[in-house]
Structures are given as C-alpha cells and as structure tokens.
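Enquirer: Here it is, the structure, as structure tokens.
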Amino acid sequence: MKAVITIDTEADGAWSQGDRVTVENLHAMPRFQALCDRYGMKPTYLCTYEVARAKAFEPLVQWEKEGRCEIGAHLHPWTNPPFTRADAVDLDSSEYPGYPSELPIDRFRAKMVALGEALRARTGRAPTSYRAGRWGFAREHIPVLLELGYIVDCSVTPLIDRRINKGLREGGPDFRGAPIFPYRLSTSDICAAGDSPLWEVPVTIVYPRTAMRRSALARRAWSMLKRVRGAGILQRTLSLDPSWFRPYGYMNARKLRTVYRIARAQGLPLVEMMFHSSELMAGGSDEFPDARAIERAFGMLESTLATLHADGVRGVTLSEFVEQDLAPTARAA
C-alpha cells in the first residue's frame, strides 16, 4: 500500500476576504516536512497563486528539487488572476467564495494558465497535479487540465454531497456516487470511471461503521434521519457519517488509524490524507486556534505516520503514484 499526503497550501486564516492576503503559515512547513522525512512520506503541496509568489515558498522549491515532495496546483479563483475587478491586487472580493466550477470555461483556463506559469517560474517545471479550491471540480475542466499538462486530479471527495455549500451562485458538486478507488476520469461524469488520460485519486473517505459500508438502505435511512433534531447525538455516539483521512480538530490518532485500516481492508492501493497548510500554524484556522492545539495536531500526525511506516506503507507523491502505479497498469491492460 502507498500513502499520499496532500496539503492545500494557501493563505492564512482559511479564506481571507480582506484586500491583502498573507502566507505566514509557510513558516510552519519545515517542521512538517521534517516529520514526513522521518517516516518516509513525500507530501504533495497543492499551491495557490499567492503561495507561488511568496518568498517563503523557496524551501518547498528546494525540497522538490531534492525529491522530497511534489509541488502541484490549487485554484482559489478569488486570489488568482485574471481578476474581474480591475483594481484588485491580492484578492478580488467579487469572486469570493466562488467555486472554480462556477467560472466560464475561458476564465477557468486563463486562471489556470496564470497559476501554472507562476509555479513554473519558481520551480522550473509545470505542475502535473491539481486540486480545485473548495472541491469545485467539473467535467468541463478535464480538457483544460490535459491541455496544460496535468496528469492527476484529487478534487473528488467520495460519499460527500457538497450541494448545500454555496459559492457565488451555485452549490458544490455531489460526489456521493464517486468511486473510493483511483480511476481514470470519464469526460461526461467526474464521479464515473472512463477513458480520459486524466486520473482521479480521491481523498480517502470511508464509513467507519460496517453497516453503513455494506447497506445502501442504512445510508439512505441515515441521510433522512440526519435532518431530525437531535441527530447529532447519534452521530457522536455511533459515528454514522463518513470519516476522512484528515486531521480535523475533532479527530485523533486512533480515529485516523481506523480510517487507514478500513481503507486497507477494502483493498485500496493507497490512502490519501489531506489538510490545509494554515492548520499547521497557531491561529491560522478554526480547527487549531492556538499553540497547544498545534502541538496536538503534530502529535496526531506523528502517531499516524509512524503507524503507516511500521506497516510498510510507502510514501509517494500524487504524480509518482500515477506514473509508477496507475499508468503502467493501464498500459498493460
């Protein structure tokens, strides 16, 4: 089994709406990279435009040159030119909090060109891995990503319906029908396998309860029951919702290890973790608001990575996984 650790590497404070954005959280990355090095992990830093322009981005560039990580692309429309407002500098508030999937396709392409050029100027190579901001991926994006040289997307969150999370005008994608395994994307449905050259490596999300994994009836019943007042008590008691391989503030190492072990038992070829770079800096997110919470986050990460390492799980970057594991298998088939 392989492990991919993806970090949405972006501005401080989740999604700032001020006229300026800061990326102080990049100063927390050396500690995290050292942790990954210790346990044989090779993180994929999916970087926004403001990160690509920051002075503190340089260590990440060096780590990639040393083969210790990968630098990919992460599109936040509101901080990525070309902007709608002519006077926008760091951020266009008129585009916040829009999904990339809400952009006209020509504007999506223009923003992706600008992001790719910014990353290439700093790293010397065009990015080949991508994640949409706010998970706002659409089938119309596939030809653009392929044209620009991308080989893998990781925007799909299986089992999760994002339609209630509003952007500028629309809700997010419904990923409930997406495979939990890596797959070649269909050009007509991003939740279906197809014959596109672009691979999808979804975030690892599983049902911790056996009954929820095995029974569609149980899942439908819970989706209706969740709307009833007091359903939160059931969730806290029985853990009926899907669990992410993600160090949320309410997670701990035991719960993360449970997600990993369920994924392994289900035969997944890899486990993919995700979180935000701002979650490694005290005050950078609501999940980990102070220094004590940050120490808990690093402790959770270390314990989890130590388990993966002890089990012989090898860390790879997103593009390495496609090039070494997926593409050769597809050619052989």
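Enquirer: May I ask you to verify whether SER285 is in a loop (DSSP other than H, G, I, E, B), among the polar types (S, T, N, Q) and either touching a helix residue (DSSP H, G or I) at 6+ places or on another chain (Cβ under 7 Å) or free of Cβ contacts under 8 Å to residues at least 40 places away in the same chain (or both)? Steps first, answer last, please.
Expert: Numbers: in a loop (DSSP other than H, G, I, E, B): yes; among the polar types (S, T, N, Q): yes; either touching a helix residue (DSSP H, G or I) at 6+ places or on another chain (Cβ under 7 Å) or free of Cβ contacts under 8 Å to residues at least 40 places away in the same chain (or both): yes.
Criteria met by SER285.
Enquirer: Filtering region 154-177 down to residues that are in a loop (DSSP other than H, G, I, E, B) and free of Cβ contacts under 8 Å to residues at least 24 places away in the same chain, which residue is nearest to PHE137 (Cα to Cα)?
Expert: From region 154-177, those in a loop (DSSP other than H, G, I, E, B) are 154-160, 162-165, 167-170, 172-173, 175-177; that's our starting set.
Keeping just the survivors that are free of Cβ contacts under 8 Å to residues at least 24 places away in the same chain gives 163-164, 176-177.
On the way: ARG163: 12, ILE164: 15, ARG176: 14, GLY177: 15 Å.
Restricting to residues being in a loop (DSSP other than H, G, I, E, B) and free of Cβ contacts under 8 Å to residues at least 24 places away in the same chain, the top hit is ARG163.
Enquirer: Moving on to the next point. Please verify whether region 306-324 includes one or more residues that are among the hydroxyl-bearing types (Ser, Thr, Tyr) and surrounded by fewer than 18 Cβ atoms within 10 Å (Cβ to Cβ). It would help to see each step written out before you state the result.
Expert: Step one: filter region 306-324 for residues among the hydroxyl-bearing types (Ser, Thr, Tyr), giving 307, 317, 319.
Narrowing the set further to residues that are surrounded by fewer than 18 Cβ atoms within 10 Å (Cβ to Cβ) leaves 307.
Yes; the residues of region 306-324 include at least one that is among the hydroxyl-bearing types (Ser, Thr, Tyr) and surrounded by fewer than 18 Cβ atoms within 10 Å (Cβ to Cβ).
Enquirer: Please tell me if ARG229 is out of contact with any strand residue (DSSP E or B) (no Cβ under 9 Å at 6 or more places or on another chain), closer than 30 Å to ASP92 by Cβ and in a loop (DSSP other than H, G, I, E, B). Give the steps one after another, and end with the answer.
Expert: Numbers: out of contact with any strand residue (DSSP E or B) (no Cβ under 9 Å at 6 or more places or on another chain): yes; closer than 30 Å to ASP92 by Cβ: no; in a loop (DSSP other than H, G, I, E, B): yes.
No, not satisfied.
Enquirer: OK, next. Scan region 20-36 and tell me whether some residue there is modelled with pLDDT of 95 or more and in contact with a Cys (Cβ under 9 Å, 6 or more places away or on another chain).
Expert: Taking every residue of region 20-36 in turn, at least one turns out to be modelled with pLDDT of 95 or more and in contact with a Cys (Cβ under 9 Å, 6 or more places away or on another chain).
Enquirer: Among (1) in a helix (DSSP H, G or I); (2) without any contact (Cβ under 8 Å) to a residue 12 or more places away in the chain, which single condition is ARG85 missing?
Expert: Single failed check for ARG85: (1).
Enquirer: Determine the pairs where a residue that is within 15 Å of TRP199 (Cβ to Cβ), located within region 134-153, has a partner that is surrounded by 17 or more Cβ atoms within 10 Å (Cβ to Cβ) and of a type in the set (Asp, Glu) with Cβ atoms under 7 Å apart, the partner being 6 or more residues away or on another chain.
Expert: Listed pairs, sorted by first residue: PHE137/ASP153; LEU145/ASP153; ASP153/GLU200.
Enquirer: For region 245-277: of the residues being touching a residue at least 60 places away in the same chain (Cβ under 8 Å) and within 24 Å of GLU10 (Cα to Cα), which is farthest from the chain's Cα centre (by Cα)?
Expert: VAL271
Enquirer: Now for a different question. So which of LEU145, LEU91 ends up being part of a helix (DSSP H, G or I), buried (at least 23 other Cβ atoms within 10 Å of the Cβ) and in contact with a helix residue (DSSP H, G or I) (Cβ under 8 Å, 6 or more places away or on another chain)? Quick ask: steps written out before the conclusion?
Expert: On the way: LEU91 fails: part of a helix (DSSP H, G or I).
Result of the check over LEU145, LEU91: LEU145.
Enquirer: Now a separate question. How many residues does region 281-324 hold that are at pLDDT below 95 and among the charged types (D, E, K, R)?
Expert: The total comes to 2.
Enquirer: Just need a number here: residues in region 27-58 that are in a helix (DSSP H, G or I) and of a type outside the set (S, T, N, Q). First the steps, then the outcome.
Expert: Taking region 27-58 first, the residues in a helix (DSSP H, G or I) are 27-38, 49-52, 55-58.
With the extra rule that they be of a type outside the set (S, T, N, Q), the set shrinks to 27-32, 34-38, 49-52, 55-58.
The qualifying residues number 19.
Enquirer: Moving on. Yes or no: region 234-254 includes at least one residue that is closer than 30 Å to PHE298 by Cβ, modelled with pLDDT of 90 or more, out of contact with any Phe, Trp or Tyr (no Cβ under 7 Å at 6 or more places or on another chain) and among the charged types (D, E, K, R).
Expert: Looking for residues that are closer than 30 Å to PHE298 by Cβ, modelled with pLDDT of 90 or more, out of contact with any Phe, Trp or Tyr (no Cβ under 7 Å at 6 or more places or on another chain) and among the charged types (D, E, K, R), one finds at least one in region 234-254, hence yes.
The values are calculated or read from the model by the stated rules, or taken from the named source; none is laboratory data. Just so you know, these numbers come straight off a predicted model, no measurement behind them. Cβ coordinates were reconstructed from backbone atoms using ideal geometry, including for glycine residues, and neighbour counts include every protein chain displayed.
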